[in-house]
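Enquirer: The structure's right below; bear with me while I get my questions together.
The values are calculated or read from the model by the stated rules, or taken from the named source; none is laboratory data. The structure displayed is predicted, hence computed values, not measured ones. Here the Cβ is made from the backbone with ideal geometry for all residues, glycine too, and neighbour counts use every protein chain on show.
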Amino acid sequence: MIPIRDTQPSYSVTVMTYFLMAINLLVFIVQIQIGFDNEAFFYAYGLVPAKFTVPEMSRHFTLVNQFISVFSYMFLHGGFLHFVGNMWSLYIFGDNVEEHFGSLRFLGFYLICGVISGFFIFC
């Protein structure tokens, strides 16, 4: 079942949830502009395991790029449905989590969960 809404009301304005949704939207618009078949963009900003594990490939990327891609991949989407599904889930559940944690801790939670999920690419 796809959730339509939650039954837990929010009693505060969840700024960070909307901020994260806006960043995701801006990055998605950039992706649309450059095209989803632009491999150079996805290799540069996506979390590609070969950037870290294959010496022939890793020498083409700086340590700064490798570090940035651990965070930038969280804002990339594979297509329109992927983007809509993620933003819908963030809209429905993000406000409650942000209200519970607070804005800064929610941002930390969002980023830490993204980094941890990135490590599962290597499994």
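Enquirer: Filter the range 24-73 down to residues that are under 23 Å from I112 (Cα atoms) and out of contact with any helix residue (DSSP H, G or I) (no Cβ under 8 Å at 6 or more places or on another chain), then give me how many there are.
Expert: 6
Enquirer: What residue, of F106, F83, F71, F67, is under 17 Å from F19 (Cβ atoms) and either over 12 Å from the mean Cα position of the chain (by Cα) or basic (K, R) (or both)? Reasoning before the result, please.
Expert: Values: F83 fails: either over 12 Å from the mean Cα position of the chain (by Cα) or basic (K, R) (or both); F71 fails: either over 12 Å from the mean Cα position of the chain (by Cα) or basic (K, R) (or both); F67 fails: under 17 Å from F19 (Cβ atoms).
Sole residue among the options that is under 17 Å from F19 (Cβ atoms) and either over 12 Å from the mean Cα position of the chain (by Cα) or basic (K, R) (or both): F106.
Enquirer: Hey, can you tell me all the residues within the range 5-17 that are of a type in the set (S, T, Y) and farther than 22 Å from S117 by Cα?
Expert: Our first condition is that a residue be of a type in the set (S, T, Y); within the range 5-17, this holds for 7, 10-12, 14, 17.
Answer for the range 5-17, where residues must be of a type in the set (S, T, Y) and farther than 22 Å from S117 by Cα: T7, S10, Y11, S12, T14.
Enquirer: Sticking with this one: Restricting the search to the range 1-23, which residues are closer than 14 Å to F106 by Cβ, of a type in the set (A, V, I, L, M, F, W, C) and in a loop (DSSP other than H, G, I, E, B)?
Expert: V13
Enquirer: Shifting gears a bit: For Q66, which of the numbered conditions (1) modelled with pLDDT under 95; (2) surrounded by 14 or more Cβ atoms within 10 Å (Cβ to Cβ); (3) closer than 16 Å to I121 by Cβ; (4) out of contact with any Phe, Trp or Tyr (no Cβ under 7 Å at 6 or more places or on another chain) fails to hold?
Expert: Single failed check for Q66: (4).
Enquirer: Could you pull out the residue among V30, V15, V54, V48 that is surrounded by 11 or more Cβ atoms within 10 Å (Cβ to Cβ) and under 23 Å from S103 (Cβ atoms)? Before the answer, list the steps.
Expert: Values: V30 fails: under 23 Å from S103 (Cβ atoms); V54 fails: under 23 Å from S103 (Cβ atoms); V48 fails: under 23 Å from S103 (Cβ atoms).
Answer to the check: V15.
Enquirer: Is there a residue being loosely packed, with under 11 Cβ neighbours inside 10 Å and assigned to a helix (DSSP H, G or I) anywhere in the range 77-84?
Expert: Yes, the range 77-84 contains a residue that is loosely packed, with under 11 Cβ neighbours inside 10 Å and assigned to a helix (DSSP H, G or I).
Enquirer: What number of residues within the range 1-55 satisfy the criterion of being modelled with pLDDT of 90 or more and of a type in the set (D, E, K, R)?
Expert: 2
Enquirer: Only one of these conditions is not met by F61: (1) out of contact with any Gly (no Cβ under 8 Å at 6 or more places or on another chain); (2) in a helix (DSSP H, G or I); (3) aromatic (F, W, Y). Which number is it?
Expert: (2)
Enquirer: While we're looking at this one, here's another question. Which of the residues belonging to the range 84-123 are touching a Leu at 6+ places or on another chain (Cβ under 8 Å) and of a type in the set (D, E, K, R)?
Expert: From the range 84-123, those touching a Leu at 6+ places or on another chain (Cβ under 8 Å) are 87, 90, 94, 107, 110, 118, 121; that's our starting set.
Selection gives nothing.
Enquirer: Right, Y91: part of a helix (DSSP H, G or I), out of contact with any His (no Cβ under 6 Å at 6 or more places or on another chain) and at pLDDT 95 or above or not?
Expert: Working: part of a helix (DSSP H, G or I): yes; out of contact with any His (no Cβ under 6 Å at 6 or more places or on another chain): yes; at pLDDT 95 or above: no.
So Y91 fails the test.
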